[in-house]
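Report on the structure given below.
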Amino acid sequence: MDPLKTKNVSYLKNLDYSVLQQCMHCGMCLPDCPTYVLTGREKNSPRGRIALMRSIADEELDVTKAFGEEMYFCLGCLACTTACPAGVDYTHLFEMARAEAERTGVLRKPKRNFVRWISLRVVFTRPRLLHLAGRLLRVYEVTGLQSVVRKWKLTRLLPSALRELEPMTPTVRRYSSRQLIAPVERPAAEKRYRVGLLTGCVQDLVFSDINRDTADVLLANNCEIVTPRWQPCCGSLHGHNGEWELARELARRTIDQFDVETLDAIITNAAGCGSHLKHYDRLLEDDPAYAGKAKQWSEKLRDISEWLVEIGFRRPEAESDPQTVTYHEACHLCHGQQIRRQPRQLLKSIPGLELRELGEATWCCGSAGVYNITQPDTARELLKRKLAHVVETGADVVATANPGCIIQLQTGARSDQVKIRVEHPVSLLARAYRADSLVSSRDGG
Ligand code: SF4
Ligand code: SF4
């Protein structure tokens, strides 16, 4: 029986029991778990959460509101997976636990139901609708309406959820990736590889310039790029928030956008998406129509820094202005994909760039998907801790490879008046290539 096809079957009870048994209660993950470090409470630790999940699977405990809240207090940062000597698959456990909380409806409330329905089921399943919402947001931002609202403190009139969100609103770019990147782009020099480029959903609205930079860096490294036009959300938001079946559907739709067999790699520049996209094989393993394609997909999926290092990327040569950069490791890159060395290699290759190591570089910044919206107090604590380390480095730029982290750090720097630019490593590399005249100069608006 496929436990994921019916709402009446428990996700936790049908989990391979050996996954739940992996935890040997050693506690080595505790010092690396941000929520445990904040509260010192066992139930807020990986070990405590796994014990709760196991009690439910063993039918010793019912799924309760407190269980659901605990699963949403967890950041899903996956620091515990890096720390764990037993190789506990916390990613899968955490996703199944949240899916269980949603299946049983223990957290149901009218406002929460509405927000989840409109975002996860309506907007983030329809790329054209998401694009339209982005255009409306841009009108709000560029017509001066946003300045008026902020100046006159009109946010007080908004419902509380929107009032808290407003200062975090990222700037929607003038052009989308569809306008900045052609369906197929060929390198000026001889082609070595053919790759598919994922443009993301939020990434496309807010950081289409980073997508353009990614395309430029790939072209400079002799890759032909195929970029499908209306790419759906990859489903990572859904997978991490208990909407397992929707995540499966979005995975199928995403795979359908690409002719996977003809590609050497499929490239993402968003760490949170990459960590999920690499697990399409597991997500669709029991779907006879997609299991094979999903396996091939996962084998070819690469983060941009991982791919560039793998193919022996070209080092930029032209001297450019000196810059000091520190690097914040996005959780889903360092813990979710174990990619730590490659982004640093890209940064260190840039002439004039001094890389200053960041204290607690792998500690979550509090973005964690939508955690900064659902758990604003904890997210703020984590952001404060992160910014203090950033300031200590005295760097001009903090580089990080996830859109959520970029938004979180930009918001924190703005509100604490910290003078620092937040950049994706690939943008810094693209700029260095432009100084080399390896790629043309473009403006993403
Ligand atoms: S995912 Fe992060 S917050 Fe959750 S248990 Fe693991 S280390 Fe703690
Ligand atoms: S480190 Fe791993 S095995 Fe040890 S308590 Fe944490 S999750 Fe369990």
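What ³J(HN,Hα) values, in whole Hz, does the Karplus curve 6.51 cos²θ - 1.76 cosθ + 1.60 give for the stretch 361-375 when θ = phi - 60°, with x put for Gly and Pro?
Going residue by residue, I get 4, 9, 7, 4, 8, x, 6, 6, x, 10, 4, 5, 9, 7, 10 Hz, with x marking Gly and Pro.
Ignoring everything except DSSP H segments at least 4 long, calculate the 222 nm mean residue ellipticity for the chain; use -39,500 (n - 2.57) per segment, divide by total residues, nearest 500.
Calculated mean residue ellipticity at 222 nm is -13500 deg cm²/dmol.
Summing +1 for each Lys or Arg and -1 for each Asp or Glu, what net charge is found among the other residues whose Cβ lies under 12 Å from the Cβ of residue 38? If you can, show how the numbers build up before the last one.
Numbers: positive: 41, 380, 384, 385; negative: 377, 381.
It works out to a net charge of +2.
Take the alpha carbon gyration tensor of the stretch 157-293, find the square roots of its eigenvalues, order them as a ≥ b ≥ c, and report rounded if a/c is under 1.5; if not, report prolate when a/b exceeds b/c, else oblate.
Taking the square roots of the gyration eigenvalues as a ≥ b ≥ c, the stretch 157-293 is oblate.
I'd like to compare 138-146, 303-311, 387-395, 29-37: which one has the highest average count of other Cβ atoms within 10 Å, and what's the full order after that?
Those peptides, ordered most packed to least, come out 303-311, 29-37, 387-395, 138-146.
Classify the chain as rounded, prolate or oblate from the Cα gyration tensor: take a ≥ b ≥ c as the square roots of its eigenvalues, call it rounded if a/c is under 1.5, otherwise prolate when a/b beats b/c and oblate if not.
rounded
Among all the lysines, which ones have a C-alpha under 28 Å from residue 348's C-alpha, if same-chain residues fewer than 8 places away are not counted?
Of all the lysines, those that pass the test against residue 348 - Cα under 28 Å, at least 8 places apart if same chain - are 191, 278, 300, 384, 386, 419.
Quick one: 109, 65, fewest Cβ neighbours within 10 Å first, how do they rank?
The fewest-first ordering by Cβ neighbours comes to 109, 65.
How much length is gained if the chain between residue 135 and residue 108 is pulled fully straight, taking 0.36 nm per residue apart and subtracting their Cα-Cα distance, in nm to one decimal?
Using 0.36 nm per residue and subtracting the Cα-Cα distance, I get 6.6 nm.
Report the relative contact order of the stretch 150-279, percent, no decimals, based on alpha-carbon pairs under 8 angstrom and at least 6 residues apart. Intermediate results must be reported in sequence, preceding the final value.
On the way: 168 pairs, mean separation 35.4, N = 130.
So the answer I get is 27 percent.
Would you mind putting 200-210, 54-64, 276-286 in packing order, based on average other-beta-carbon counts within 10 Å, highest first?
200-210, 276-286, 54-64
To the nearest 0.05, how large is the calculated FRET efficiency for residue 182 and residue 381 if R₀ is 41 Å and r is the Cβ-Cβ distance?
0.40
Using Cα positions and a limit of under 17 Å, work out the lysines in reach of residue 109, with same-chain residues fewer than 8 apart set aside.
Those lysines meeting the cut-off are 65.
Is the stretch 349-445 rounded, prolate or oblate when judged by the Cα gyration tensor, a ≥ b ≥ c being the square roots of its eigenvalues, rounded requiring a/c under 1.5 and prolate requiring a/b larger than b/c?
Here the stretch 349-445 falls in the prolate category.
Gaussian network model of the chain, Cα springs within a sub-10 Å range: biggest mean-square fluctuation belongs to which of 53, 168, 24?
Of the options given, 24 has the highest mean-square fluctuation.
Which order do peptides 120-132, 404-416 fall in by mean Cβ count within 10 Å, highest first?
In descending order of packing, they fall as 404-416, 120-132.
Values in this text are rule-based calculations from the coordinates and carry no lab data. This is a predicted model, so every value here is computed, not measured. Positions of Cβ are backbone-derived with ideal geometry, glycine not excepted, and every protein chain shown enters the neighbour counts.
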